[in-house]
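Take a look at the structure below.
The values are calculated or read from the model by the stated rules, or taken from the named source; none is laboratory data. Source: prediction; values computed, not measured. As a convention, Cβ positions derive from the backbone with ideal geometry for all residues, glycine included, and neighbour counts pool all protein chains shown.
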Amino acid sequence: MTLSFYVHIPYCIKRCGYCDFNTYTPSELQDGATLEIVSNDYIDAVLKELETTPTDEVPTIFFGGGTPSLLPAHDLGRVISTIKARNGLAPDCEITLEANPDSITAEKLAQYLEVGFNRISFGMQSAKPHVLAVLDRTHNPANVEKSVSLARAAGFKSISVDLIYGTPGESLADWQETVQAALALDIDHISAYALIIETGTKLAAQIKRGDLAMPDDDLMADMYLLVDQLCEANGMTWYEISNWSKPGHECSHNIAYMRHINWWGLGPGAHSHIDGKRFWNVKHPTAYKNKVFAGESPIAESENLTAEQKIDESILLGIRRRQGLLIELLLPHQLELLASYRENGFVELVAGRVVLTPTGRLIADQIVREITI
Amino acid sequence: MPAISLAKAPQPASTNPAQIRNFCIIAHIDHGKSTLADRMLGITEVVDARNMRAQYLDRMDIERERGITIKSQAVRLPWRSGIDGQEYILNMIDTPGHVDFTYEVSRSLAACEGAVLLVDCAQGIEAQTLANLYLAMENNLTIIPVLNKIDLPNAQPEKFAAELARLIGCQPEDCLRVSGKTGDGVAELLDQIVTQIPAPVGDPNAPARALIFDSVYDSYRGVITYVRVVDGHLSPREQIQMFSTGVRHEALEVGVISPEPVAGKGLGVGEVGYLITGVKDVRQSRVGDTITTYNNPTKSPLSGYKDPKPMVFSGLFPLDGADFPILRDALDKLQLNDAALVYEPESSAALGFGFRCGFLGLLHMEIVRERLEREHKLNLISTAPNVVYNVVMEDGKEIRVTNPSEFPDGKVTTVMEPIVKSTILAPSEYIGTIMELCQDRRGILLGMDYISEDRVEIRYELPLAEIVFDFFDQLKSRTKGYASLDYEEKGDAEGLLVKVDILLQGEAVDAFSAIVHRDKAYSYGVMMTGKLRELIPRQQFEVPIQAAIGTRIIARESIRAVRKDVLAKCYGGDITRKRKLLEKQKEGKKRMKMVGRVEVPQEAFVAALATDADIEKIKAARRASQ
């Protein structure tokens, strides 16, 4: 068995209006410390949790957040080097950094490469300032292009951008410009996510008050079909519902989530999957640190998957991938239920597998319900 | 105090009719009838202060909470007149206050020689009170006009005394003034009852004739039948006979209520009391029937007996299909105490298994539903109420339709619908809006009279179907709650009526079919298709929703096919969340109803039928279950 790692960095300079992730601004943590002190202390906690993990060889490490690029490269490097020392890294180990285009410099990029990163993913979200404003993002769109060039020049093998569609006020034309701007960059991978209005966010409050309109599902469907079409036309192929890449640049870490292999999430609120058991850590960074430093397990809850749950997961995750679902995984009546979706062009049978078409990917959850319920 | 202790008072079965006064109180909800009755119980000392509680005579919680009396009762009150110093027995017969129970009211009135017309002197007389007053006058009852709540700061006794005087043809100063709350004027009222109301007259030696004016099921004692003896005598252990059915029972117990049941030696001419025969179902002891004795039966029954006839029908369905047996048992139980309630099983594609129920009217329907929900912990949804139609086919065949689904498909010549004569009392400033409403509901103006300077009585002939569909709510909201309504049956009339079906992908959804006037078919169709479009989730394919009269489509909406149903983001932490959502949806799937290929959550059907009050109830139930 191998063991992939996710390392959660729960800090941001500022919380974006749509974000419900487990992240905090240093001031929200109210411990009065500078980011440097927080960072050092936090990485110590992560390393302490790391001591409790299995020691299998590591094929991928993903630093997400939050804003991992806020932390000094040498702090992140401590995690990589420790994993390398105790587990060993696979020869082609993919090590990804999520980065905010605003906090990137050539110098920092060189440092990240130096400590072991080889893949970088920039939060671009949109090329349109009015869309970024609604999302409450701080970055200047021009910084994305600059950051991507700097990353390529520094020597990153694989570069990705994240995009968001369906922001209130974003038109199909806005979205087209964004996708075209992304495709014009020297990148290898695109993730495009439909905006989800999470309860409790500033954006949700604005919509509830009527200041902003709820994104329209039909428009979002058109946006999805558009990004798919533009990516495919530009040599980027879909490999997961929301991810497209040039050949060989699929994010291996992302694929790991879709498979029943082992991965461990380090940090507050991070989820893990080890041998059919899922568990996750306490959410708040302070609670997490306290537990870890007191020598206690930071795990908040865990669940052992039943056989039925495992099958459900294999279907709901497997169908999201380009390789699709092995027909053998489905029972005859489930295949029968898929017949009308096949007739209506939502799924295809390709080499013994059930694969979603673009319109089928848009209703993947409905199809999963149809065959699992 | 002119009260007499029960032991010393004239005893049942040996009271001289000349000492008896039988009266009822005619009043609108809220006008203080129950409070006045409480005060009478107190002042005659049949209930001591220690045991007194508000609305003493109203048995059911639901009555006490809603301030209405559903079931009448009779209380024997001994009283020494402050005028002549003689002993009397006053029998107070409590009457229901609502239009749905007009028949029961008429039987209560028939048991009395006089009526206290009780009017809140801050509000004036209401339409239902007026209707009951007319009923009392037709029965030749002596009317004692009484203004209640004279202690209220906004009381206008002069104004309403003039109104009452005009209505019953007396002088304004003849109106007594009381306060049920403080007890002011109550002793004087009792004295006036003695003075003004005639004593009952009957032949003690004739075959027994007693009028059943109420019949109540008690889970310990079986049916308790309330009677007024007209002629002869009823004794315990005697074989009695119901005139309408000829069925014989033994009178296990005969007694009076004072105000708890007291078994006695029997009841003589003019007396009011109860009897218990051990029957378990009020339908065997029907209001209006005449009781006689088996050994010496009367040949001429008391007049006015009628079978209760349901006027309004609605489907009642449990929200949780598993509750169907509970609903069946609950209805069976309720029927023991409610001879007017009829029901039969009904199955609906949209709502599952339930019952088609017939009611006397809207209030009766509401009360039944509320009792089912409260006493049996059921969550129910009801289909829109409808009336009974007589459909005449081209071949002359007649079909009685109590459910839109029974409306025939073939060639219909005429459709007859029940018509009522309605009376609306309201401040005159609302005449315009009331007439507009009645006109819109196919009303025909019969007349209008001022009952005081600023209050009018408006009379309209209206199809009952128009009244059962939110008419009363509309009337109240248009008149800021000041208007009151009463109606009485006036036979059937031909209506230009059609059945509108609502089709989901070509299949009719039974619960939404409605019989409506031809001119309103289109707006019903547009309203219903629009509502369902909002409520039914988008499907894999486009789903047309149509409203149709026969094969003719009159309105159309469509639910567009779902295009996006996917959570784009699926990081490690999202997997558990996604799977749990799926597991929850598996549960939800069980509550899905299939209409052809269309999958509809039951909630959508429920919401489409629900009134605002229902929606609140459903929400509250959901909150409680979370």
Would you confirm whether any residue within the stretch B:211-223 is charged (D, E, K, R) and within 24 Å of residue B:295 (Cβ to Cβ)? no
Those strands (runs of 3 or more DSSP E) lying entirely in the stretch B:265-323 with at least 2 residues in contact (Cβ under 8 Å) with a residue 24 or more places away in the chain and either of a type in the set (A, V, I, L, M) or over 17 Å from residue B:208 (Cα atoms) (or both): B:272-276, B:312-318
Based on this model, can you work out whether residue B:147 counts as assigned to a helix (DSSP H, G or I), closer than 20 Å to residue B:483 by Cα, in contact (Cβ under 8 Å) with a residue 12 or more places away in the chain and hydrophobic (A, V, I, L, M, F, W, C)? no
Residues of the stretch A:193-214 being over 14 Å from residue A:134 (Cα atoms) and hydrophobic (A, V, I, L, M, F, W, C), which ones? A:194
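Is it true that residue A:323 is more than 11 Å from chain B (Cβ to nearest Cβ) and either free of Cβ contacts under 8 Å to residues at least 24 places away in the same chain or in contact with a Lys or Arg (Cβ under 9 Å, 6 or more places away or on another chain) (or both)?
Here the answer is yes, as residue A:323 does meet what is asked.
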Considering only residues that are touching a residue at least 24 places away in the same chain (Cβ under 8 Å) and within 14 Å of chain A (Cβ to nearest Cβ), look in the stretch B:516-542 and name the one that is nearest to the chain's Cα centre (by Cα). B:537
Could you tell me which residue of the stretch B:579-596 is nearest to residue B:535 (Cα to Cα), considering only residues that are facing chain A (nearest Cβ under 10 Å) and surrounded by 18 or more Cβ atoms within 10 Å (Cβ to Cβ)? B:582
From B:500, B:456, which residue is farther than 22 Å from residue B:363 by Cβ and surrounded by 22 or more Cβ atoms within 10 Å (Cβ to Cβ)? B:500
Scope the stretch B:551-567; condition more than 19 Å from residue B:596 (Cα to Cα), outside any strand (DSSP E or B) and more than 11 Å from chain A (Cβ to nearest Cβ); matching residues: none
For the stretch A:126-162, which residues satisfy the criterion of being touching a helix residue (DSSP H, G or I) at 6+ places or on another chain (Cβ under 6 Å) and part of a strand (DSSP E or B)? A:159, A:161
State whether the residues of the stretch A:243-266 include one that is of a type in the set (Asp, Glu) and in contact with a strand residue (DSSP E or B) (Cβ under 9 Å, 6 or more places away or on another chain). yes
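Among the residues of the stretch A:345-355, how many are within 14 Å of chain B (Cβ to nearest Cβ) and in contact with a helix residue (DSSP H, G or I) (Cβ under 6 Å, 6 or more places away or on another chain)? Reasoning before the result, please.
Going through the stretch A:345-355, the residues within 14 Å of chain B (Cβ to nearest Cβ) turn out to be A:345-347.
Still in the running and in contact with a helix residue (DSSP H, G or I) (Cβ under 6 Å, 6 or more places away or on another chain): A:346-347.
Residues that pass the stated criteria total 2.
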With within 14 Å of chain B (Cβ to nearest Cβ), out of contact with any His (no Cβ under 6 Å at 6 or more places or on another chain) and either more than 18 Å from residue A:357 (Cα to Cα) or at pLDDT 95 or above (or both) as the only criterion, which of A:216, A:174, A:186, A:211 stands out? A:216
When you go through B:329, B:338, B:409 one by one, which is the residue that is surrounded by fewer than 20 Cβ atoms within 10 Å (Cβ to Cβ) and part of a loop (DSSP other than H, G, I, E, B)? B:409
Taking the stretch B:568-608 and keeping only residues that are under 30 Å from residue A:263 (Cα atoms) and assigned to a loop (DSSP other than H, G, I, E, B), one is left with B:568, B:569, B:570, B:571
Exactly one of B:203, B:94, B:174 is of a type in the set (D, E, K, R), under 24 Å from residue B:272 (Cβ atoms) and more than 25 Å from the chain's Cα centre (by Cα), and that residue is B:203
Qualifying positions in the stretch B:196-226 - touching a Gly at 6+ places or on another chain (Cβ under 7 Å) and either free of Cβ contacts under 8 Å to residues at least 40 places away in the same chain or among the polar types (S, T, N, Q) (or both): B:196
Residue check for residue B:165: without any contact (Cβ under 8 Å) to a residue 24 or more places away in the chain, more than 30 Å from residue B:299 (Cβ to Cβ) and assigned to a helix (DSSP H, G or I): yes
Quick one: in the stretch A:230-254, which of the residues that are part of a helix (DSSP H, G or I) and in contact with a Ser or Thr (Cβ under 9 Å, 6 or more places away or on another chain) is surrounded by the fewest Cβ atoms within 10 Å (Cβ to Cβ)? A:252
Is there a residue in the stretch B:109-126 that is more than 18 Å from residue B:73 (Cα to Cα), assigned to a helix (DSSP H, G or I) and in contact (Cβ under 8 Å) with a residue 60 or more places away in the chain? no
When you check residue A:169 against the structure, is it more than 27 Å from residue A:252 (Cβ to Cβ), surrounded by fewer than 18 Cβ atoms within 10 Å (Cβ to Cβ), more than 14 Å from chain B (Cβ to nearest Cβ) and not basic (Lys, Arg), yes or no? yes
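Let's see how each residue does on (1) free of Cβ contacts under 8 Å to residues at least 12 places away in the same chain; (2) in contact with a Leu (Cβ under 7 Å, 6 or more places away or on another chain); (3) over 26 Å from residue B:491 (Cβ atoms):
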| residue | (1), (2), (3) |
| --- | --- |
| B:336 | no, no, yes |
| B:343 | no, yes, no |
| B:352 | no, no, yes |
| B:355 | no, yes, yes |
| B:365 | no, no, no |
| B:375 | no, no, yes |
| B:379 | no, yes, yes |
| B:394 | no, no, no |
If you check A:241, A:255, A:261, which single one turns out to be touching a residue at least 40 places away in the same chain (Cβ under 8 Å), of a type outside the set (Phe, Trp, Tyr) and facing chain B (nearest Cβ under 10 Å)? A:241
Those residues of the stretch A:316-339 which are part of a loop (DSSP other than H, G, I, E, B) and of a type in the set (Gly, Ala, Ser), in sequence order: A:324
Filter the stretch A:344-358 for residues that are crowded, with 19+ Cβ neighbours inside 10 Å and either outside any strand (DSSP E or B) or small (Gly, Ala, Ser) (or both) and give the result. A:346
Among the residues in the stretch A:328-343, are any within 11 Å of chain B (Cβ to nearest Cβ), surrounded by 19 or more Cβ atoms within 10 Å (Cβ to Cβ) and farther than 25 Å from residue A:229 by Cβ? no
Check on residue B:43, at pLDDT 85 or above and either touching a helix residue (DSSP H, G or I) at 6+ places or on another chain (Cβ under 7 Å) or surrounded by fewer than 21 Cβ atoms within 10 Å (Cβ to Cβ) (or both): yes
